[in-house]
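**Q** Please find one structure pasted underneath; my questions will follow.
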Amino acid sequence: MRTGPAVFLEILRPHNMLAAALGVVAGFAAAGGRAWGDVWTVAALTALATGAGNVVNDCFDVGIDRVNKPSRPLPSGRLSLRAAAVLYACLSVLVVVGAPALVPVRVAVLVLSWQVALFAYARWAKRWLVAGNLLVAAIAASAFVAGAMAAGHPGAAVIPAAIAFAFVVCREVVIGGEDLEGDRASGVRTIAVLVGRARAGRAAAVLMVGVAMLLPAPAVAGRFGFGYFLLMGGIVVPVLVAAAIAVAGAEDRKPFARTSRALKLAMFAGIAAIALGA
């Protein structure tokens with residue numbers, strides 16, 4: 001099977017890698033980091049670990065993706081499972097070798113824990129109902145912690161990490177509604193599989209409205225500045241509210257797919273809000 005560079009880039013999902021790297025940068029900014037040379041290596045390793053996690057997830061999800069996302073590289077046949085496994089191995093080696101050599105020990109431990117956790121998610125945890133959702137949210141949130149660690153003030157990441165955790169949990173429930181058919185056929189126990197798409201949509205809506213109501217609080221409390229308030233209030237909160245309306249009680253896949261994409265864009269706005277409002 002002949003494959004070009006584009007298909008390898010596609011399976012890495014560069015937008016997810018970029019979001020993870022920017023989360024590190026935002027955590028660094030929130031912690032008052034000044035020596036910016038210290039954060040770029042951490043951000044790069046975070047992106048590589050995220051890309052590796054995306055690849056191994058697709059390797060284990062070939063059967064699911066044949067139903068939910070047949071155009072992806074593996075189920076479409078544009079990339080072989082062997083080639084994907086080699087790519088995962090190469091990325092893993094870069095992370096495992098690079099983290100201890102290039103970043104402080106506690107940051108390296110965190111990065112290496114992502115490598116293990118992302119494999120565990122792909123292989124086992126995503127089938128354990130809410131546990132998989134919480135694990136993905138915790139990994140995403142800890143990118144802000146890594147950035148704050150690089151700045152020498154990990155405690156400064158508490159609020160950004162909490163925001164990221166809550167936001168990703170919301171999106172994970174929405175993705176479960178989007179991927180219901182393939183998940184059910186493959187024995188993946190999501191909220192949507194357990195209670196149905198409509199009830200999962202209502203649960204996601206309640207979560208998103210709750211998060212939207214809490215997002216202004218850090219700015220009101222004086223923990224973040226005007227940039228945070230402007231982007232969260234002007235972009236992220238309206239997207240969450242609109243998303244809640246779109247999926248509440250929805251029984252069709254399309255509203256969940258559209259909402260998942262909208263939340264992905266709002267995620268970048270939220271990262272920027274944390275970085276600019278620090």
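Rule-based calculations on the coordinates, nothing more; no lab input. A quick note: this is a predicted structure, and the numbers were derived from the prediction, not measured. Backbone-built Cβ (ideal geometry, glycine too); neighbour counts: all protein chains shown.
**Q** Would you tally the residues in the stretch 231-277 being over 24 Å from Arg199 (Cβ atoms) and of a type in the set (A, V, I, L, M)?
**A** Qualifying residue count, the stretch 231-277: 14.
**Q** For the list (1) part of a helix (DSSP H, G or I); (2) without any contact (Cβ under 8 Å) to a residue 40 or more places away in the chain, I need the number of the one condition that Ala257 fails.
**A** Just one mismatch for Ala257, condition (2).
**Q** Further question on the same structure: Pick from the stretch 1-30 the residues that are of a type in the set (Val, Ile, Thr) and more than 18 Å from Ser71 (Cα to Cα): which of them is farthest from the chain's Cα centre (by Cα)?
**A** Val25
**Q** Is it the case that some residue within the stretch 148-162 is over 27 Å from Pro70 (Cβ atoms), under 16 Å from the mean Cα position of the chain (by Cα) and buried (at least 21 other Cβ atoms within 10 Å of the Cβ)?
**A** Within the stretch 148-162, one or more residues are over 27 Å from Pro70 (Cβ atoms), under 16 Å from the mean Cα position of the chain (by Cα) and buried (at least 21 other Cβ atoms within 10 Å of the Cβ).
**Q** List every residue pair whose Cβ atoms sit under 9 Å apart, with the two residues 6 or more apart in sequence or on different chains, where the first one lies in the stretch 82-107 and is over 12 Å from Leu45 (Cα atoms) and the second, anywhere, is surrounded by 13 or more Cβ atoms within 10 Å (Cβ to Cβ) and among the charged types (D, E, K, R).
**A** Sorted first by the residue in the stretch 82-107, then by its partner, the pairs are Ala84/Asp58; Pro104/Asp38.
**Q** Still on this structure: Considering only the stretch 178-186, I want to know if a residue exists there that is surrounded by 23 or more Cβ atoms within 10 Å (Cβ to Cβ), over 22 Å from Gly33 (Cβ atoms) and of a type in the set (S, T, N, Q).
**A** no
**Q** While we're looking at this one, here's another question. Tell me whether the stretch 113-131 contains one or more residues that are closer than 17 Å to Met149 by Cα and touching a helix residue (DSSP H, G or I) at 6+ places or on another chain (Cβ under 9 Å).
**A** yes
**Q** Related question: With respect to Asn54, is the statement that it is more than 17 Å from Ser113 (Cα to Cα) and either of a type in the set (S, T, N, Q) or not in a helix (DSSP H, G or I) (or both) true?
**A** For Asn54, the condition - more than 17 Å from Ser113 (Cα to Cα) and either of a type in the set (S, T, N, Q) or not in a helix (DSSP H, G or I) (or both) - is not met.
Condition check ((1) free of Cβ contacts under 8 Å to residues at least 40 places away in the same chain; (2) surrounded by fewer than 17 Cβ atoms within 10 Å (Cβ to Cβ); (3) farther than 16 Å from Ala164 by Cβ) across all residues:
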| site | (1), (2), (3) |
| --- | --- |
| Gly225 | no, yes, yes |
| Gly233 | yes, yes, yes |
| Val239 | yes, no, no |
| Ile245 | no, yes, yes |
| Leu276 | no, yes, no |
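**Q** Any residue that is in contact with a helix residue (DSSP H, G or I) (Cβ under 9 Å, 6 or more places away or on another chain), surrounded by fewer than 16 Cβ atoms within 10 Å (Cβ to Cβ) and touching a residue at least 60 places away in the same chain (Cβ under 8 Å) - is there at least one of those in the stretch 37-46?
**A** Checked against the condition, which is being in contact with a helix residue (DSSP H, G or I) (Cβ under 9 Å, 6 or more places away or on another chain), surrounded by fewer than 16 Cβ atoms within 10 Å (Cβ to Cβ) and touching a residue at least 60 places away in the same chain (Cβ under 8 Å), the stretch 37-46 yields no hits at all.
**Q** If you don't mind, another one. Scan (1) part of a helix (DSSP H, G or I); (2) within 30 Å of Arg127 (Cα to Cα) for the single condition Ala26 breaks and write down its number.
**A** Looking at each condition in turn, Ala26 falls short on (2).
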